C-alpha cells in the first residue's frame, strides 16, 4: 500500500476547509508559454488567505480537532507562513493559538501572526529552544501541536491545491511543487497521481538547502544542516514520513541557484503582475530558465506563496 | 444630450473587443476592506493583455477600421501603455503599427512595443516632434492615427472595464478611476451612470499633474505644462472632448502626492500580491490613505495597469 494519505483523505480535507479558504485561480501567460515552449498552468496560492498554501493544512488540522481538544488551543513553532496560517485558522475557529518565534525573526512576520490574533512567544534562535518553548506551552495549557508538515492531515490538505489545479486545468503531463519539509510536494504527488496516473511529479529546491535532492539520490534521509537561501520557506528538511511518500512518487528534484530564484521571481512579477515570494520562484525557475525540459508539455506549477518583505524593494526604488 | 459615446456604443465596443481581451477578475481583500472601512471591488486591468486597460481602446479602434484602411496600418505617438497596446492589437489584426517614441524613453517600454511587433520610431522628446513624426508616417504610408484618448471609440472601449466591474460586483455607491487624458475616467463615468444612475464617480490624479483638478474647479480647460510625477501614465492633459464629459459626470478629482502613490502601491503589492504601476496607485491611495470618505460604502476601484520597471526594485533588494 502506498505511503501517506489517500485521495479520499484529500477530498475529505477539501470539503472540510472549503468554507475557510479561497479557491485560488489558475492563471495562464501567453508570454511565459512562449518563453518555456510549453503550456503553463499557474496555481496561485500566493492569492490564498494569509498569502500561502499553508492555510490549507493549518485549517484542516484545526477544524479536525474535537470541541474539548480544540478549546485548549493550538501551538506551533514556525515563524513563517505556517505560523500565520495557524493563527488565522485558530481565530476562525475561535480558539487560542501560540506561535513560537525565534528572536530575530523578521518584524513583519511577527506582526502578521499578531494581526491574525496569534500570541507570539519568542525564544532563542535554535531548534531545541523552539521545541522546548512549544512543549512548555503544551504542558501548561493542553494546547495541540500543529506541525508544519509531518502529519497526514497536513499532507492531505496541501494536496487540495493540486486537486483544484487539475480540476481547472484538465489533463497535465507534469506538475511541479517546491520542496522543503515535503508536505506540499507529498500532497501534490498523491493528488495528481491518484487523479491522473502517469502524471510526472517533480520537486524544486534551492541548491543551498538540498536535503530532498540528497535524500532521493542517496536513498537515505538527509538533513539540511545549515541551509543558506533567500527562499526562507524552503529551509526545513524532509521527515521520514514525507521522504517515504516522495521516494515512491517523485521523478526527480531540480536544484535552483540563488540568482535563478531572483530572476524567476522577477519574471513572474513582471509578466504575470503577481507578487510571489522567493520560495515560490523555484518552480517557475525550473520551467522558465531551462532547468528541465518541458517543451510541448502541459505543465502545472504551484506558486506557493506571496509573502515577501517589500521593505528592501521599496527602500531604494 | 450628454457628451461622449452612449452606453450602446460601449456595449458595441465590448462585443467587438471581447475575443481579443481578457475579462479581468474583480478581486476583494478582507484586510484592505478593514483598512478602508468599506467594501472594495478592485477591477484588475493590470492583468489585462499588454498589462493595462489601454488594450481595450486600441483594440476597438483597430478592429473598427475597414479592410482597406486597416491594411495601410496604424500609427501612434505614445511610448507607454497605449503604444504597446496599439502594437499588440495591430499584430492581432495582422497590420503594421508605427509607434513614435521620444528619444530617452525607457528601454523596457521600447522593447515591449517591439516585442509586440510594433515598429519603434524615435524622435526628439517634445510634443511637436512627436506629432510631426506621426504626421510624416501617415503621409508616407496612409496609416491611421490611433489617439490615446481624444476619440469616442477609445472612450467607449475604456468604459467596458466599468461595464464588467458592475456586472461582477453588483450595485456600487462609488467608482474611482485615475485621470490623465480622461479617456478611462470618461468611459467609466458614462458606463457606470448609464447602468446605475446616481452612482458617484471620482477621478484620482497626481498632485504633480493636476490639470483635471484645475480644469474642473475653474470651469476652464487647463493643461499640465510640466507634469512631475512618478505616475508616468498620468502626465497627459484633458482634451475638450473629455473635459466636456467629465464636467457633466464627475463629482470631484482627488489629488494624490508622490509619497502617497508609493505607499498605496506598496499596500496593493503587499496585501493583494498584485503588481500595479504608480499610475494605478492613485485610486488605491484615495481610498486606503483616507483622501476620501468611503466608510460603509461599496466602492469600485480601477487598477489600470501593472507595467512598472522592476529594475530599481530588484537592483538593491
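Quick look at the numbers
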{"item": "Matching residues in region B:207-226 - criterion: being surrounded by fewer than 20 Cβ atoms within 10 Å (Cβ to Cβ) and without any contact (Cβ under 8 Å) to a residue 40 or more places away in the chain", "result": "B:214, B:217, B:218, B:219, B:220, B:221, B:222, B:223, B:225, B:226"}
{"item": "Strands (runs of 3 or more DSSP E) contained in region B:21-132 and holding at least 3 residues under 19 Å from residue A:274 (Cα atoms)", "result": "B:39-44"}
{"item": "Conditions (1) touching a residue at least 12 places away in the same chain (Cβ under 8 Å); (2) within 30 Å of residue B:297 (Cα to Cα); (3) away from every other protein chain (no Cβ under 14 Å): number failed by residue B:51", "result": "(3)"}
{"item": "Single residue of A:62, A:95, A:121 found to be over 23 Å from residue A:177 (Cα atoms), more than 14 Å from every other protein chain (Cβ to nearest Cβ) and under 18 Å from the mean Cα position of the chain (by Cα)", "result": "A:62"}
{"item": "Unique match (being assigned by TED's automatic domain parsing to the domain that holds residue B:274 and buried (at least 24 other Cβ atoms within 10 Å of the Cβ)) among B:46, B:60, B:81", "result": "B:46"}
{"item": "Among the residues listed as B:38, B:9, B:87, the single one being touching a helix residue (DSSP H, G or I) at 6+ places or on another chain (Cβ under 8 Å), within 14 Å of chain A (Cβ to nearest Cβ) and on the phi < 0 side of the Ramachandran plot", "result": "B:87"}
{"item": "Wholly enclosed helices (runs of 4 or more DSSP H) of region A:227-317 bearing at least 3 residues surrounded by 17 or more Cβ atoms within 10 Å (Cβ to Cβ) and more than 14 Å from chain B (Cβ to nearest Cβ)", "result": "A:240-249, A:278-288"}
{"item": "Matching option when the condition is assigned by TED's automatic domain parsing to the domain that holds residue B:254, at pLDDT 95 or above and assigned to a helix (DSSP H, G or I), among B:208, B:181, B:198", "result": "B:208"}
{"item": "Any hit, region B:167-174, residues being within 26 Å of residue B:230 (Cβ to Cβ) and surrounded by 23 or more Cβ atoms within 10 Å (Cβ to Cβ)", "result": "no"}
{"item": "Hits in region B:210-236 - residues which are over 16 Å from residue B:265 (Cβ atoms) and within 15 Å of the chain's Cα centre (by Cα)", "result": "B:212, B:235, B:236"}
{"item": "Residues (over 18 Å from the mean Cα position of the chain (by Cα) and in contact (Cβ under 8 Å) with a residue 24 or more places away in the chain) located in region B:65-84", "result": "B:65, B:69, B:70, B:71, B:72, B:73, B:74, B:75"}
{"item": "Search result, residues across region A:100-121 that are touching a strand residue (DSSP E or B) at 6+ places or on another chain (Cβ under 9 Å), more than 16 Å from residue A:143 (Cβ to Cβ) and buried (at least 16 other Cβ atoms within 10 Å of the Cβ)", "result": "A:102, A:105, A:109, A:110, A:116"}
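The values are calculated or read from the model by the stated rules, or taken from the named source; none is laboratory data. If you're wondering where the values come from, they're calculated on a predicted model, not measured in any experiment. No Cβ is skipped: glycine too gets one built from the backbone with ideal geometry, and neighbour counts run over all protein chains shown.
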